[in-house]
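Visitor: The following block contains the structure, expressed as structure tokens.
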Amino acid sequence: MTAADTTMTAPAEVPDEWDFYLTRIDDTAASFFLNFWYRSHAPLPGVDTLYRCDLQMLEPGAHGLGEADDAERLQQVEERIAEAAAEHGLYFVGRIRWNGTWLLRLFGPPDLTETLRVIAAKAVAGKPSRKFDVDSTTDPEWSHYYDFLCPDDERMQWIEDRHVVESLMEHGDPLTRPRRVDHWIYFEVASKRDAFVRAAANDGYEMESAHEDATSELKYCAQLHRVDSVELEEIHDVVMSLMELAEEHDGEYDGWETSVERDK
């Protein structure tokens, strides 16, 4: 957690650094969507109250995440609530889709629960009728944001892996071909890097290079490669296994890259 800036940013001026990840709550599928800008700026001065606005999904679907048509309607409701709430100093920080409910999370100054309730009632007014609930709790450290909304290390890596896979797809890659994937791992001590490389070789990795960066605390680098699938869940499993092996040798995984493979 980073100390709040001395200069206050109004809700409407907060940069858009939104991203999502999939996880499970109580063994039930959940989708988290949050603004990562707050990770380096919250808690904000005077913004010490968590506000919950939970909206009923009318078409939750088999997994409780919402069917496309109802999700589109709820996104419009969400936008109306977020825009109106911002005018009262409320910061929309994230949303969870889970178990047939569309859960909005906002932070703001105290004593705005009834204001948010009126905003939500206006946003859902009309047909079809949709139930909603609003409440609040004091949370000066933004623990709900950091401890619940933010992804853990594994889910954060999933987001990063997804970005690489999406970039491949944007360049016309159908992801169907296994191909060489290069990984970079850094170590403080050369002997631990070398032990890691030997252990990784048992899993089929080959070393492309081992070099030293004198400007970095973790100055000993190993670049390894192996042929793997780049389908998201498969490459993510590969990355997590390699990260675990690196951690066993006090190393730090730094990412992967591969070639774009288009159908001919």
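The values are calculated or read from the model by the stated rules, or taken from the named source; none is laboratory data. This structure is a prediction, so every number in the text was calculated from the model and none was measured. Every residue, glycine as well, gets a Cβ built from its backbone with ideal geometry; the counts of neighbours run over all protein chains shown.
Visitor: Please go through segment 127-179 and pick out each residue that is within 30 Å of GLN76 (Cβ to Cβ), in a helix (DSSP H, G or I) and of a type in the set (A, V, I, L, M, F, W, C).
Guide: PHE148, LEU149, MET156, TRP158, ILE159, VAL165, MET169
Visitor: Determine which single condition PHE196 fails, assuming it passes every other condition in (1) among the hydrophobic types (A, V, I, L, M, F, W, C); (2) crowded, with 18+ Cβ neighbours inside 10 Å; (3) in a strand (DSSP E or B).
Guide: (3)
Visitor: Considering only segment 199-217, state which residues are part of a loop (DSSP other than H, G, I, E, B) and acidic (Asp, Glu). Walk me through it before giving the result.
Guide: Restricting attention to segment 199-217, the residues satisfying the condition of being part of a loop (DSSP other than H, G, I, E, B) are 202-205, 213-217.
Selection gives ASP203, ASP213, GLU217.
Visitor: Separate question: Quick check on THR28: is it within 19 Å of the chain's Cα centre (by Cα), more than 19 Å from SER136 (Cα to Cα) and among the polar types (S, T, N, Q)?
Guide: Values: within 19 Å of the chain's Cα centre (by Cα): yes; more than 19 Å from SER136 (Cα to Cα): yes; among the polar types (S, T, N, Q): yes.
For THR28, the condition - within 19 Å of the chain's Cα centre (by Cα), more than 19 Å from SER136 (Cα to Cα) and among the polar types (S, T, N, Q) - is met.
Visitor: Residues ASP161, ASP153: which one is surrounded by fewer than 15 Cβ atoms within 10 Å (Cβ to Cβ) and under 13 Å from the mean Cα position of the chain (by Cα)?
Guide: Working: ASP161 fails: surrounded by fewer than 15 Cβ atoms within 10 Å (Cβ to Cβ).
Sole residue among the options that is surrounded by fewer than 15 Cβ atoms within 10 Å (Cβ to Cβ) and under 13 Å from the mean Cα position of the chain (by Cα): ASP153.
Visitor: Tell me the residue from MET243, MET207 that is among the hydrophobic types (A, V, I, L, M, F, W, C), under 21 Å from TRP158 (Cβ atoms) and at pLDDT 95 or above, please. Talk me through it step by step, then tell me what you get.
Guide: Numbers: MET207 fails: under 21 Å from TRP158 (Cβ atoms).
From the options MET243, MET207, the qualifying one is MET243.
Visitor: Another question, if that's okay. Among the residues of segment 204-219, are any over 23 Å from GLU166 (Cβ atoms), small (Gly, Ala, Ser), touching a strand residue (DSSP E or B) at 6+ places or on another chain (Cβ under 6 Å) and buried (at least 18 other Cβ atoms within 10 Å of the Cβ)? Before the answer, list the steps.
Guide: Pass one, segment 204-219, residues over 23 Å from GLU166 (Cβ atoms): 204-219.
From the residues that got through so far, the ones that are small (Gly, Ala, Ser) too are 204, 209-210, 214, 216.
Then drop every residue that is not touching a strand residue (DSSP E or B) at 6+ places or on another chain (Cβ under 6 Å), which leaves 204, 209-210.
Adding the requirement that they be buried (at least 18 other Cβ atoms within 10 Å of the Cβ) leaves none.
Checking segment 204-219: not a single residue is over 23 Å from GLU166 (Cβ atoms), small (Gly, Ala, Ser), touching a strand residue (DSSP E or B) at 6+ places or on another chain (Cβ under 6 Å) and buried (at least 18 other Cβ atoms within 10 Å of the Cβ).
Visitor: Condition check: under 30 Å from HIS236 (Cβ atoms) and either acidic (Asp, Glu) or at pLDDT below 95 (or both). Does GLU83 satisfy that?
Guide: On the way: under 30 Å from HIS236 (Cβ atoms): no; either acidic (Asp, Glu) or at pLDDT below 95 (or both): yes.
Spelling it out, it is not the case that GLU83 is under 30 Å from HIS236 (Cβ atoms) and either acidic (Asp, Glu) or at pLDDT below 95 (or both).
Visitor: Condition (residue is polar (S, T, N, Q) and modelled with pLDDT under 95) applied to segment 90-111: is it met by at least one residue? Break it down into steps so the answer makes sense when it comes.
Guide: Of all residues in segment 90-111, those polar (S, T, N, Q) come to 99, 101.
With the extra rule that they be modelled with pLDDT under 95, the set shrinks to none.
So far as segment 90-111 goes, no, none of its residues is polar (S, T, N, Q) and modelled with pLDDT under 95.
Visitor: Tell me yes or no: at least one residue of segment 235-251 is touching a Leu at 6+ places or on another chain (Cβ under 8 Å) and surrounded by fewer than 16 Cβ atoms within 10 Å (Cβ to Cβ).
Guide: Looking through segment 235-251, none of the residues is touching a Leu at 6+ places or on another chain (Cβ under 8 Å) and surrounded by fewer than 16 Cβ atoms within 10 Å (Cβ to Cβ).
Visitor: If you go through segment 99-110, how many residues are more than 12 Å from TRP142 (Cα to Cα) and crowded, with 24+ Cβ neighbours inside 10 Å?
Guide: Counting residues in segment 99-110 that are more than 12 Å from TRP142 (Cα to Cα) and crowded, with 24+ Cβ neighbours inside 10 Å gives 2.
Visitor: Taking interchain pairs and intrachain pairs at least six residues apart, which have beta carbon atoms under 9 angstrom, with the first residue in segment 184-204 and assigned by TED's automatic domain parsing to the domain that holds ASP250 and the second buried (at least 20 other Cβ atoms within 10 Å of the Cβ) and of a type in the set (D, E, K, R)?
Guide: Filtered contacts from segment 184-204: ILE185/ARG193; TYR186/ARG193; PHE187/ARG193.
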